[in-house]
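This report refers to the structure that appears directly beneath it.
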Amino acid sequence: VCIPGKATVSFVVLLLALLLFSFLQGYFTFRRLEIQQSLSQDSLQKRQRITYQITIFCKNSFCPLLKLDFSSDTKVLGDLQESYCSAKHKQQLNYLLTGKYRGRYQVGLESITFYDFLGIFFWKKQIGELLTCKVFPKLTSLQELQIPVGTSTSHKLDLFTQVDYTSIAELKQYQPQDHMKDIHWKASAKRNELLVKHYEHFNQEKTTVLFDLTPMEYIEDTRLELEDRMVSVGLSL
């Protein structure tokens, strides 16, 4: 619908009206936008997967493009970058997170950017609430553990060297329940009777595990991997 003889003016007026409508609608919709975040569980073991869920509520009838900016910890756990979504009145977004290294992580959205219908105007909202996710080390079989150090060859950690920490406490007469390998043959020959060895164990009940936490001059991923294995070895011991 144009004003007779003023097509150009009508076009400009309608264009400005469209821009104004898009701005006002986007602004008031942004003011009523609600974001909820949740984790399927707040702790996991290394390499285990959990679900990070974002629920978007839009109370108005108009909800265009949203840009999600995740925290650095969330990107590490889920390899997530900036994500776009066309939000509906209610929408749920699910992301799988995996604990690569042990530690405490702050998971969630740092900010969300809301665009109007025309994509000209935008509003950015900082999200102050982050979820805490704890990743625990995974116990490892230490019979043959390979520990890579930089680009050099790995070192084998042998934890099962056979060392005898016992001594013979006394000799007693052989009983039917005694094992044949415990018979002291020399003493039995001298006394002309079967004598068995009874041992005294003097293993220490406590073990002290020391970690060298001197900063290592490796790239970040290698350093985290080595520190993570140190903790796994200590707990597995």
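The table below lists the values:
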{"quantity": "T151, sole failed condition from (1) modelled with pLDDT of 70 or more; (2) hydroxyl-bearing (S, T, Y); (3) open to solvent by 100 Å² or more (accessible area, probe 1.4 Å)", "calculated": "(1)"}
{"quantity": "Test: residue in region 198-220 that is surrounded by 10 or more Cβ atoms within 10 Å (Cβ to Cβ), at pLDDT 75 or above and charged (D, E, K, R)", "calculated": "no"}
{"quantity": "Some residue of region 167-180 being at pLDDT below 65 and out of contact with any Cys (no Cβ under 6 Å at 6 or more places or on another chain)", "calculated": "yes"}
{"quantity": "Selection status of G5, part of a loop (DSSP other than H, G, I, E, B), modelled with pLDDT under 80 and among the small types (G, A, S)", "calculated": "yes"}
{"quantity": "Counted residues, region 92-114 - those being over 25 Å from S43 (Cα atoms) and either small (G, A, S) or open to solvent by 20 Å² or more (accessible area, probe 1.4 Å) (or both)", "calculated": "0"}
{"quantity": "Leading residue by the ranking (nearest to V231 (Cα to Cα)) among those in region 7-37 that are of a type in the set (S, T, N, Q) and exposed (fewer than 13 other Cβ atoms within 10 Å of the Cβ)", "calculated": "Q36"}
{"quantity": "When residues of region 48-64 are limited to those that are assigned to a loop (DSSP other than H, G, I, E, B) and surrounded by 15 or more Cβ atoms within 10 Å (Cβ to Cβ), the one modelled with the highest pLDDT", "calculated": "P64"}
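Residue-by-condition table, conditions (1) under 30 Å from F23 (Cα atoms); (2) modelled with pLDDT under 80; (3) part of a loop (DSSP other than H, G, I, E, B); (4) of a type outside the set (F, W, Y):
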| residue | (1), (2), (3), (4) |
| --- | --- |
| L66 | yes, no, no, yes |
| D69 | yes, no, no, yes |
| L77 | no, no, no, yes |
| Q92 | yes, no, no, yes |
| Y105 | no, no, no, no |
| K125 | yes, no, no, yes |
| L142 | no, yes, yes, yes |
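The values are calculated or read from the model by the stated rules, or taken from the named source; none is laboratory data. Since the model is a prediction, treat every value here as computed from it, not as a measurement. For neighbour counting, all protein chains shown are included, and Cβ atoms are generated from backbone atoms with ideal geometry for every residue, glycine included. Quick note on the areas: whole protein, heavy atoms, side chains included, nothing else; ligands and nucleic acids left out. Shrake-Rupley method; radii C 1.70, N 1.55, O 1.52, S 1.80 Å.
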